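*Asks:* Handing you a structure now.
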Amino acid sequence: MKVKQRLAGKWHEQHQRPRGQLGRVVGERMIQQHQPETDWTLELLDIQPTDTVLEVGFGAGRGIMLAAAKASAGRVMGIDLSETMVQVATKRNAQAIQAGRVVLKQGDLATLPFEDQQFDKVMTIHTFYFWPEPSQIVQELRRVLRPGGKMIVTLATGMLNAQGVEELWPLQATLEEQVVPDMLRNGFKVARLERGPFSRQYNNVALIGER
């Protein structure tokens, strides 16, 4: 049992901050697993050709690639905690980086290295579980968002059980009862949740904020 727990802990660490060759495998695996919610997030974000876009926790870089294709006359920036993922995503987006349309950085989302009101659109997918202080992180994302801009935080809040019935985690109540009201109290003109597609057995929910 201890061996299984140790392996599960290492796997969790790799999802939070992929490292080394195993991290590269995890990153590519997440691209496949998260394709439905990534595509859905980009659809919700409604990126326009001249938008400046930020992805927080970009992983292996597929979301960056899709965003750059939509912001064809704009700019896409990304920040990720993992040096390994910065390397992988840089390789995946090499042409756009060389053209100056994509910039990728290593860093912590708690203190984003960007100016106030720098971005038209901000997105992050499956990072919420690792946030130490959700209210603080949401306000940091709001800080870099321009007036009229949109933020999408995509995450799973439940899964289908063996009988095919959805079971929601306490995380759903946290969003509804704490995070959304706090956003409305602290400068977001719009704060709401939207249900999305199931990916594997997990649901997907978008926390949407408009400044």
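*Asks:* Looking only at segment 119-130, which residues are under 14 Å from the mean Cα position of the chain (by Cα) and either crowded, with 18+ Cβ neighbours inside 10 Å or assigned to a strand (DSSP E or B) (or both)?
*Replies:* Keep residues of segment 119-130 that are under 14 Å from the mean Cα position of the chain (by Cα), which gives 121-130.
Once the filter is applied, which keeps residues that are under 14 Å from the mean Cα position of the chain (by Cα) and either crowded, with 18+ Cβ neighbours inside 10 Å or assigned to a strand (DSSP E or B) (or both), segment 119-130 yields Lys121, Val122, Met123, Thr124, Ile125, His126, Thr127, Phe128.
*Asks:* Next question, about the same structure. Which number in (1) among the acidic types (Asp, Glu); (2) under 21 Å from Gln32 (Cβ atoms); (3) in a loop (DSSP other than H, G, I, E, B) marks the one condition that Asp116 misses?
*Replies:* (2)
*Asks:* Could you look through segment 165-177, keep only residues that are touching a helix residue (DSSP H, G or I) at 6+ places or on another chain (Cβ under 9 Å) and of a type in the set (A, V, I, L, M, F, W, C), and pick out the one that is farthest from Thr111 (Cα to Cα)?
*Replies:* Leu171
*Asks:* Return the residues of segment 39-53 that are under 12 Å from Leu66 (Cα atoms) and surrounded by 19 or more Cβ atoms within 10 Å (Cβ to Cβ); say none if nothing qualifies.
*Replies:* Once the filter is applied, which keeps residues that are under 12 Å from Leu66 (Cα atoms) and surrounded by 19 or more Cβ atoms within 10 Å (Cβ to Cβ), segment 39-53 yields Trp40, Thr41, Leu42, Leu45, Ile47, Val53.
*Asks:* So which residues in segment 165-197 are in a strand (DSSP E or B) and either more than 19 Å from Arg142 (Cα to Cα) or among the acidic types (Asp, Glu) (or both), if there are any at all?
*Replies:* The answer is Glu166, Glu167, Leu168, Glu194, Arg195.
Here's the yes/no breakdown for (1) surrounded by fewer than 24 Cβ atoms within 10 Å (Cβ to Cβ); (2) modelled with pLDDT under 95:
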position	(1), (2)
Gln35	yes, yes
Gly59	no, yes
Met65	yes, no
Val88	yes, yes
Ala96	yes, no
Val103	yes, no
Asp108	yes, yes
Phe114	yes, no
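*Asks:* Name the one entry in Arg211, Arg185 that is of a type in the set (Lys, Arg), closer than 22 Å to Phe119 by Cα and in contact with a Phe, Trp or Tyr (Cβ under 7 Å, 6 or more places away or on another chain).
*Replies:* Among Arg211, Arg185, only Arg211 is of a type in the set (Lys, Arg), closer than 22 Å to Phe119 by Cα and in contact with a Phe, Trp or Tyr (Cβ under 7 Å, 6 or more places away or on another chain).
*Asks:* Just wondering, is there one or more residues in segment 69-77 that are β-branched (Val, Ile, Thr), in contact with a helix residue (DSSP H, G or I) (Cβ under 6 Å, 6 or more places away or on another chain), within 30 Å of Leu184 (Cα to Cα) and free of Cβ contacts under 8 Å to residues at least 40 places away in the same chain?
*Replies:* yes
*Asks:* Out of Leu160, Leu175, I need the residue that is over 15 Å from the mean Cα position of the chain (by Cα), within 15 Å of Glu194 (Cα to Cα) and surrounded by 12 or more Cβ atoms within 10 Å (Cβ to Cβ). Which one?
*Replies:* Values: Leu160 fails: within 15 Å of Glu194 (Cα to Cα).
The match here is Leu175.
*Asks:* Sort out which residues of segment 131-164 are assigned to a helix (DSSP H, G or I), free of Cβ contacts under 8 Å to residues at least 60 places away in the same chain and touching a helix residue (DSSP H, G or I) at 6+ places or on another chain (Cβ under 9 Å), and write them in order of number. Break it down into steps so the answer makes sense when it comes.
*Replies:* Start the filter on segment 131-164 by keeping residues that are assigned to a helix (DSSP H, G or I), which leaves 134-143.
Next cut, free of Cβ contacts under 8 Å to residues at least 60 places away in the same chain only: 134-137, 139-140, 143.
The answer is Pro134, Ser135, Gln136, Ile137, Gln139, Glu140.
The values are calculated or read from the model by the stated rules, or taken from the named source; none is laboratory data. For clarity, every value in this text was computed on a predicted model and none was experimentally measured. Cβ atoms come from the backbone with ideal geometry, glycine included; neighbour counts cover every protein chain shown.
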